[in-house]
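This report refers to the structure that appears directly beneath it.
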Amino acid sequence: MRRPDARAVLARAVLARAVLTRAVLTRAKARLDPLELYARPVDIDRVMVLAAPWLFRLPWFRRFDGYAMWNLILLRSRRLGSDEDLVCHELCHVWQMQHHPMRMPLSYLRRGYAANPYEEEARRAAASRGPLSR
């Protein structure tokens, strides 16, 4: 019997944890693109959204329901995949990192979380239904 290819096994495991249909991510993109916060619209082609409950049990992450790392959005639970405001907020962070891949994540070391301008921008973007003023 042939051993399964490790990459195929990993791909199946990742897809099993995927929490969003493409439609939810597409709707979040449709909310963000008209805001014109950055020169290029958010690119969702390689964005993956996964449930990672183990991450949110760690002390630093307990206060969050979602967390974005470049093209990866992690959610506390699968059910949060239907929270369009949360997905929009986290996708805004993906968009920010597409334009500022080092400056955006490092800003949290310098400015903290609550008053971080990138965090404030993502909050406004998720709350907005139309273009934002910069």
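Tabulated values for the structure
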item	result
Restricting the stretch 93-105 to residues that are surrounded by 11 or more Cβ atoms within 10 Å (Cβ to Cβ) and hydrophobic (A, V, I, L, M, F, W, C), the residue that is farthest from the chain's Cα centre (by Cα)	Met104
Output for the stretch 24-70, where each listed residue is exposed (fewer than 11 other Cβ atoms within 10 Å of the Cβ) and assigned to a loop (DSSP other than H, G, I, E, B)	Ala39, Arg40, Asp45, Arg46, Trp54, Leu58, Arg62, Arg63
Residue that is surrounded by the fewest Cβ atoms within 10 Å (Cβ to Cβ), among those in the stretch 106-126 that are small (Gly, Ala, Ser) and at pLDDT 95 or above	Ser107
Pairs, first free of Cβ contacts under 8 Å to residues at least 12 places away in the same chain in the stretch 60-73, second in a strand (DSSP E or B), C-beta under 7 Å, six or more apart	Phe61/Tyr67
Qualifying residue in the stretch 110-127 (condition: touching a Lys or Arg at 6+ places or on another chain (Cβ under 7 Å), outside any helix (DSSP H, G or I) and farther than 18 Å from Leu32 by Cβ)	no
Residue pairs meeting the criteria (Cβ under 7 Å; at least 6 apart or on separate chains; first under 20 Å from Arg129 (Cβ atoms), in the stretch 78-107; second among the basic types (Lys, Arg) and modelled with pLDDT of 95 or more)	Cys88/Arg31; His89/Arg123; Leu91/Lys29
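The values are calculated or read from the model by the stated rules, or taken from the named source; none is laboratory data. None of the values given here were measured: they were computed from a predicted structure. Glycine gets a Cβ as well: all are built from the backbone with ideal geometry, and neighbour counts include every protein chain shown.
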